[in-house]
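Working notes, beginning with the structure itself.
The values are calculated or read from the model by the stated rules, or taken from the named source; none is laboratory data. Here the structure is a predicted model, which means the values were calculated and not measured. Here Cβ is always computed from backbone atoms with ideal geometry, including for glycine, and neighbour counts include all displayed protein chains.
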Amino acid sequence: MEEKAHTRSSKFPSFTTPARVPEAASVSTGARFAEAFNCMQASLRAIGGLETEDLLRCGIANGLALEVGAGPGYLGLDWLERTHGTSLVGLDSNAEMVAIARRNARDMGLGARARQVVGYAHDVPHADGEFDAVFSSRSLHEWADPVAVFDELWRVLGDGGRLWVSDLRRDITPRARRFLERYVTSDLVRDGLEASMAAAYTVTELELLLAATRLANWEVCPTPIGLQVVVTKAAKAA
Ligand SMILES: C[S@@+](CC[C@H](N)C(=O)[O-])C[C@H]1O[C@@H](n2cnc3c(N)ncnc32)[C@H](O)[C@@H]1O
């Protein structure tokens with residue numbers, strides 16, 4: 001699924017996108033990494049840098065939501081703070097991240113509306129159609145079998161519900177990449193970012209993956225530093 005270099009015009013430099021390197025299982029684990037990642041995401045939240053507005057703009061604002069690969073949990077928790085009568089299940093395969101997400105939920109006074117659980121995105125421990133919305137940020141590039149995960153998230157999404165997945169993109173410009181690197185101050189997390197960038201998909205690669213899933217009417221949009229997928233599951237005719 002390698003992509004050719006993008007040539008903006010003969011006046012501008014072209015950038016070659018390196019081949020994708022799946023993230024090694026050894027990356028992004030350990031209590032020290034989890035705490036360093038938590039600090040970074042807390043700072044991002046403090047400057048209003050989370051993607052909560054993107055969720056709200058695409059109509060994710062009600063009911064019970066599932067956040068997949070929630071890490072320290074800030075996106076889902078910020079979404080809870082900015083919506084009314086909503087509740088959340090945050091799922092992550094890393095027990096250290098889940099412990100931090102529980103602590104963050106408690107500290108933000110959201111413990112009663114949020115349940116953070118250890119689990120895998122390809123095997124969500126919930127019934128078909130249970131969620132009004134499913135969302136995920138910066139986790140897709142780590143999924144070992146993304147087609148199986150997208151199908152599983154589709155299974156637990158209710159009719160009329162919306163699925164939103166955002167991630168880094170491997171073919172961002174060198175300038176956007178430098179911007180990302182400056183924002184990461186911890187050496188531990190910087191190594192993780194390097195591995196995540198190498199494992200991230202391009203829009204074309206993700207479109208090929210989605211074409212192999214059960215999802216219908218999806219759209220992949222590039223952003224300056226990444227990509228987003230938004231899909232609505234059609235409501236069943238009465
Ligand atoms: C880079 S972190 C992003 C965390 C969070 N979404 C954020 O933006 O702060 C990716 C997270 O996805 C989780 N993850 C990766 N693969 C997963 C899978 N198959 N199922 C559940 N969680 C997964 C990792 O444990 C990690 O916490």
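Here T223 does not fit the description of being modelled with pLDDT of 95 or more and away from the ligand (no atom under 13 Å from the Cβ).
In the set (1) within 12 Å of the ligand (Cβ to nearest atom); (2) surrounded by fewer than 20 Cβ atoms within 10 Å (Cβ to Cβ); (3) under 17 Å from the mean Cα position of the chain (by Cα); (4) modelled with pLDDT of 95 or more, the condition left unmet by L91 is number (2). For residues that are of a type outside the set (A, V, I, L, M, F, W, C) and more than 25 Å from Y201 (Cα to Cα), scanning just segment 129-147, find the one that is nearest to the ligand (Cβ to nearest atom). Per the criteria, the residue is E130.
Residues that are crowded, with 18+ Cβ neighbours inside 10 Å and within 9 Å of the ligand (Cβ to nearest atom) occur at least once in segment 148-159. Annotation note: Cβ proximity below 6 Å between a residue of segment 36-60 that is without any contact (Cβ under 8 Å) to a residue 40 or more places away in the chain and a residue that is part of a loop (DSSP other than H, G, I, E, B) (sequence gap 6+ or interchain) occurs for Q41/P72; T52/R82.
Restricting attention to segment 160-181, the residues that are more than 15 Å from the chain's Cα centre (by Cα), surrounded by 22 or more Cβ atoms within 10 Å (Cβ to Cβ) and without any contact (Cβ under 8 Å) to a residue 60 or more places away in the chain add up to 1.
Of all residues in segment 102-128, those that are away from the ligand (no atom under 11 Å from the Cβ) have Cβ atoms under 8 Å from Cβ atoms of residues that are assigned to a loop (DSSP other than H, G, I, E, B) and not small (G, A, S), 6 or more apart or on another chain, in R113/T86. The set of residues in segment 190-232 that are acidic (D, E), closer than 24 Å to T16 by Cβ and surrounded by fewer than 20 Cβ atoms within 10 Å (Cβ to Cβ) comprises D191, E194, E207.
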